[in-house]
Amino acid sequence: MRILALESSCDETAAAVVEDGRKVLSSVIASQVEEHKLYGGVVPEIASRRHCEAVVGVTQQALDDANMKLDEIDAIAVTYAPGLIGALLVGVNFAKGLAMSSGKPLIPVHHLRSHIAANYITSPELKPPFLCLIVSGGHSHIVEVKDYTELRVIGRTRDDAAGEAFDKAARAMGMPYPGGVEMDKRAQGGNAEAFKLPHPTVDGAPYDFSFSGLKTSVINLIHNAEQKGQTLPVEDLAASFRKAVVDCLIKNFIKAAQDTGNTKLVIAGGVSANSLLRSRLQEECRNRGWEFYMPELKLCGDNAAMVGAQGYYEYLSGKTAGLDLNACAEMPVDGNC
Ligand code: KG4
Ligand code: ZN
């Protein structure tokens, strides 16, 4: 089955053709990041407008790269939640137009489920059940993936998402948006023990995260130094912050795995590109004899190939939408709008 997939939940307009959920025939991404950099973060109205401009060309390119015409496609999949509502609506309405004009089924796909599915492309042997740490710009979840479309959230952030904390702390350190990527680079040369930062926990909820206190403590360190006319060593600060975030993520993820008896661990989402998170988890799992999977780097961030992968399994489970499909800014990964 060949699925044409569309993604427009944030600041990437993407289209892809994916066969049977695992084989990527084409994947095109038009990123708006350079424009949003000017403002230090994504400006929703600009994002929607750029999706409008890019979506036709990106989709045509994906079909051309796959050497296919629309009538050779079996279904249209689209990210419909969660994300920036104006941005999502561009992809959803365009997908509806394609489905209507071609008579093909329309498959709505949850953005975080598609991040998990990036792993099905990278690791063709990977099948549920497994435990997944989803870490993106907007979400930090520990999810039991019982089956492709049967998920249960057992841990979540109480405030900032991991990516959001990286971006905000990086901005205070003077790094451009998206700061998580830059901080990971700058941290390579730094001393992670240089600054003792808090490792917040949530009372009575061992799998939940809280990053806002950690973020604020770094911002306060920077502001206090500025007031005294001092400059802090950015590499050391970046390395210390990265380590604190990764320590918190790993501690809760490993505990959740132990408590639920899961020995197959998977990471997903933009922050799964973090080099320390990847290497530390690989080591933790190797030491315990557990399986560990992560998406290849080019599939960690937003793309449409992962939407085509998850779309295939949503279709197999019977999930298709009518032309009254709406987008939702918020939607639990294990529930409905
Ligand atoms: O999943 P994603 O592309 O978009 C959302 O669905 O939110 O995630 C974007 C987030 C941003 O916060 C970005 O800074 C972060 O992923 N990110 C990283 C790295 N690469 C991307 N954070 C830490 N280290 C990285 N290497
Ligand atoms: Zn994402």
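The values are calculated or read from the model by the stated rules, or taken from the named source; none is laboratory data. None of these values were measured; they are calculated from a predicted model. Cβ: placed from backbone, ideal geometry, glycine included. Neighbour counts: every protein chain shown.
Only one of (1) in contact with a Lys or Arg (Cβ under 7 Å, 6 or more places away or on another chain); (2) under 30 Å from THR59 (Cβ atoms) fails for PRO295. Which number is that?
So PRO295 meets the others, but not (1).
Hey, any hits in segment 282-291 for a residue that's in a strand (DSSP E or B) and among the aromatic types (Phe, Trp, Tyr)?
Scanning segment 282-291 turns up no residue that is in a strand (DSSP E or B) and among the aromatic types (Phe, Trp, Tyr).
For segment 117-233, list the strands (runs of 3 or more DSSP E) that sit wholly inside it and hold at least 3 residues that are more than 16 Å from ligand 2 (Cβ to nearest atom); which are they?
140-147, 150-156
If we keep just the residues of segment 182-195 that are modelled with pLDDT of 95 or more and out of contact with any Ser or Thr (no Cβ under 8 Å at 6 or more places or on another chain), which is surrounded by the fewest Cβ atoms within 10 Å (Cβ to Cβ)?
The residue in question is LYS185.
List every residue pair whose Cβ atoms lie under 9 Å apart, where the two residues are 6 or more positions apart in sequence or sit on different chains, the first residue falls within segment 7-29 and is on the phi > 0 side of the Ramachandran plot, and the second residue, located anywhere, is part of a loop (DSSP other than H, G, I, E, B) and of a type in the set (Gly, Ala, Ser).
Nothing qualifies.
Out of all the residues in segment 245-269, which are within 16 Å of ligand 1 (Cβ to nearest atom) and in contact with a Pro (Cβ under 8 Å, 6 or more places away or on another chain)?
CYS248, ILE267, ALA268
Restricted to segment 76-118, and to residues that are crowded, with 21+ Cβ neighbours inside 10 Å and of a type in the set (Val, Ile, Thr), which residue is nearest to PRO332 (Cα to Cα)?
Here is the first cut: in segment 76-118, the residues crowded, with 21+ Cβ neighbours inside 10 Å are 76-84, 87-88, 90-92, 94-95, 99, 106-118.
Keeping just the survivors that are of a type in the set (Val, Ile, Thr) gives 76, 78-79, 90, 92, 107, 109, 116.
On the way: ILE76: 22, VAL78: 17, THR79: 14, VAL90: 21, VAL92: 18, ILE107: 17, VAL109: 12, ILE116: 14 Å.
Within segment 76-118, the match that is nearest to PRO332 (Cα to Cα) is VAL109.
Quick one: in segment 258-306, of everything that is in contact (Cβ under 8 Å) with a residue 12 or more places away in the chain and at positive phi, which residue is farthest from the chain's Cα centre (by Cα)?
GLY289
What pairs come out if I take residues in segment 176-193 that are touching a residue at least 24 places away in the same chain (Cβ under 8 Å) and pair them with residues that are within 8 Å of ligand 1 (Cβ to nearest atom) and in a loop (DSSP other than H, G, I, E, B) whose C-beta lies under 6 Å away, six or more apart or interchain?
If the second residue must be within 8 Å of ligand 1 (Cβ to nearest atom) and in a loop (DSSP other than H, G, I, E, B), the pairs left are ASP184/ASN274.
Taking segment 152-182, which residues are away from ligand 1 (no atom under 15 Å from the Cβ) and either among the hydroxyl-bearing types (Ser, Thr, Tyr) or under 16 Å from ALA257 (Cβ atoms) (or both)?
ARG152, VAL153, ILE154, GLY155
Testing SER101 on (1) part of a helix (DSSP H, G or I); (2) within 13 Å of GLY311 (Cβ to Cβ); (3) of a type in the set (Ser, Thr, Tyr), one condition comes back false. Which one is that?
SER101 satisfies every listed condition except (2).
Might you check whether a residue that is out of contact with any helix residue (DSSP H, G or I) (no Cβ under 7 Å at 6 or more places or on another chain) and surrounded by 22 or more Cβ atoms within 10 Å (Cβ to Cβ) occurs anywhere in segment 276-295?
no
From the residues in segment 243-271 that are assigned to a loop (DSSP other than H, G, I, E, B) and touching a strand residue (DSSP E or B) at 6+ places or on another chain (Cβ under 6 Å), which one is nearest to ligand 2 (Cβ to nearest atom)?
Selected residue: GLY269.
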